[in-house]
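The values are calculated or read from the model by the stated rules, or taken from the named source; none is laboratory data. None of the values given here were measured: they were computed from a predicted structure. Every residue, glycine among them, receives a Cβ derived from its backbone with ideal geometry; neighbour counts consider all protein chains shown.
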Amino acid sequence: MNKIIFTVLLLIAPLCKAADYSGIIGHVVTAQVFGGLSFPQNLPHRIAQYMSYYSKIYTARLYGSLLLELDGYRLTEIPDLNLHELQTLDLNNNLIKSIANLHLPWLTELWLNNNLIADIIPDDLNLNNLEVLRLNNNLIESIANLNLLPSLRQLYLNNNKLTALPDRDLPELRYFELRNNLIAFIDPQVLGQFPNLQVLDLEQNHLQQDNIDDLRTYAEDRGNLTIIFGEQKGGPGIKRAKR
């Protein structure tokens, strides 16, 4: 634990520029062994935020934690964690703009809801065991090469700017949410890229009724697929579709 405290103090030293902050280091209090660090209630917010952020990373590094929660730290990029044993990483509610250069071979769940992500670069990712990817409420317009995530089983892309489904095979995908995007047409044969898909949620897109009918027929013929259409958004030339 002393090693963690020392490392955290070194990392926050550049933030303590004002003379009034010089006494903060003396007030750091250790918490439970697995709880990282706790700090005085009157600690300036920005410094407390960064101290808490780094304490979580170094606590996870030292104790081999399987879950690292960095929710709401206003991070602009994914930090270089070097925590190869990590299984779940929570980066919800930050300011991250892209996913790249992420090498966590044992990670099974990655949560990136409520960020500013526009780009995903699977070529720079080493996430061979990733099963759950949550990307709701971002700025994503297209996704390619998701076949480089061979173990992906659940994919959440609600509230983005997608106009089409991914263009590569995802043989392990079971559950796929695409609510509230900009998808206006889906060729039913494209769904053949997801042979084990069981649920596809397309509510609040721009699908026309005849396309919905074709997709529903495809799902019925396949037998193992449920497609949720719900209400579709109105627009020029678009018939409002019902379930």
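Summary table below
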| quantity | calculated |
| --- | --- |
| Any hit, the stretch 2-21, residues being modelled with pLDDT of 60 or more, of a type in the set (Lys, Arg) and outside the structural domain of Leu135 (by TED's automatic domain parsing) | no |
| The stretch 64-98 - residue that is farther than 15 Å from Tyr54 by Cβ and outside any loop (DSSP other than H, G, I, E, B) and, of those, farthest from the chain's Cα centre (by Cα) | Leu67 |
| Test: residue in the stretch 55-74 that is in the same structural domain as Asn129 (by TED's automatic domain parsing) and closer than 21 Å to Leu162 by Cα | no |
| Long-range neighbours under 6 Å by Cβ, at least six apart or interchain, first residue assigned by TED's automatic domain parsing to the domain that holds Leu155 within the stretch 100-124, second among the acidic types (Asp, Glu) and at pLDDT 90 or above | Thr108/Glu131; Trp111/Asp90 |
| Some residue of the stretch 186-198 being touching a strand residue (DSSP E or B) at 6+ places or on another chain (Cβ under 6 Å), under 18 Å from Arg153 (Cβ atoms), of a type in the set (Phe, Trp, Tyr) and buried (at least 16 other Cβ atoms within 10 Å of the Cβ) | no |
